[in-house]
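Okay, so here's the structure we're looking at.
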Amino acid sequence: MNDSHSPLRQVAESLKTAKRVFLAPHVNIDGDDLGSMIALSSALEQMGIEVVCLSHDPIPDTFISFKGADRFVYSLPDGNFDRAILMECVSLSRLPNSFSGLKRAEKIINLDHHKGNSLNADISWVDDRAAALGEMIFFLINELGASIDRDMASALYFAIASDTGGFKYSNVSAVSHEIASILISKGADAYGCMKRLFLSNSLSFMKLTGELMTSVKSLSGGKLLYSFLPSSLLLKYNLQKKDLNNLIENLNVVEGCKVFCLFVEMPDSTVSVSLRSSDISFPVRKYAVFYGGGGHDLACGCSLSGHGQVCELLDRIKEDINIKSL
């Protein structure tokens, strides 16, 4: 971590000379982005840097009251910036087509922990060994020489817990637990973070979960489970895409199943896809990438144009399951 040519050191040195910075996540901000941005923005403000936290979409309801979430804005204020820091944007396709903020930044910094990041930036630090962006931000804050207070510790814990499914995914490492331990020792509200992430669903969400469970279908001898939720159900329960975090985790519990697919039809007839695999020998990221999405080997997502591509994707997965004889 102390190598002067390391990406971490390059990012830190670049930020130390900045006066005005904005942070931006990918579309559909998630808990890892939100917590990472809150913590990093606080660290940069300790250094006297003016920071803007941008979200392209509304903050999910379960996150909106998290301390620090009120600092997010939905459009950039006037003027130019010394640095733009992009969080988990594997490519420009993960930003809105209309987003022009990068033209107003002197330098672009790309921070990510996903494989296949192809974003063209002035400085890129991509570490696919990290279980969450929050882990990388923890090291970056230390490299900047900023101190992590109680609120920053909670934000980083929130980020890491979010992207590791509460520390139960296969991407969790000893480093994940070591960082979590340090954050708790600094006052992180671990229980509060877990409750907000996994134990604070609305009644409407739970009713939609019931629809999900009753519509689940099995293929390939039970090795592939999928569920398709039509847009009429989102309308029925007054839910939006931002409200569907962790919905697929209700499928990721069936004994003997290897691959789980959740298809949610959006009001514009596109289909939001979440993919999970419980078998490290059967990564599903390649399917998401094929359709313009991305993520981790065993947890990822994409968007499809309609029902035809849903059938096509299921056929691809079935064929590969049969070939590998899972």
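Of note:
- Any hit, the stretch 287-300, residues being open to solvent by less than 20 Å² (accessible area, probe 1.4 Å), more than 19 Å from H26 (Cβ to Cβ) and among the aromatic types (F, W, Y): no
- One residue from S200, S232 being farther than 25 Å from S277 by Cβ, in a helix (DSSP H, G or I), polar (S, T, N, Q) and open to solvent by 40 Å² or more (accessible area, probe 1.4 Å): S232
- Residue in the stretch 255-273 that is modelled with the highest pLDDT, counting only those that are closer than 15 Å to Y169 by Cα and either surrounded by fewer than 17 Cβ atoms within 10 Å (Cβ to Cβ) or of a type outside the set (F, W, Y) (or both): V259
- Count of the stretch 58-94 residues, restricted to those that are open to solvent by less than 40 Å² (accessible area, probe 1.4 Å) and within 30 Å of M194 (Cβ to Cβ), is 13.
- Under the condition of being assigned to a helix (DSSP H, G or I) and not small (G, A, S), the residues counted in the stretch 288-315 number 10.
- Any chance S4 is more than 29 Å from G166 (Cα to Cα), at pLDDT below 95 and either outside any strand (DSSP E or B) or not polar (S, T, N, Q) (or both): yes
- Residue pairs whose Cβ atoms lie under 9 Å apart, separated by 6 or more positions or on different chains, with the first residue in the stretch 172-186 and over 11 Å from A131 (Cα atoms) and the second open to solvent by 90 Å² or more (accessible area, probe 1.4 Å) and of a type outside the set (G, A, S), are K186/R150.
- Test: residue in the stretch 158-167 that is of a type outside the set (S, T, N, Q), open to solvent by 40 Å² or more (accessible area, probe 1.4 Å) and touching a residue at least 24 places away in the same chain (Cβ under 8 Å): no
The values are calculated or read from the model by the stated rules, or taken from the named source; none is laboratory data. All values reported here derive from a predicted model rather than from experimental measurement. So basically every Cβ, Gly included, is an ideal-geometry build from the backbone, and we count neighbours across all protein chains shown. What goes into the accessible areas is simple: the full protein's heavy atoms, side chains included, and nothing from ligands, DNA or RNA. Shrake-Rupley method; radii C 1.70, N 1.55, O 1.52, S 1.80 Å.
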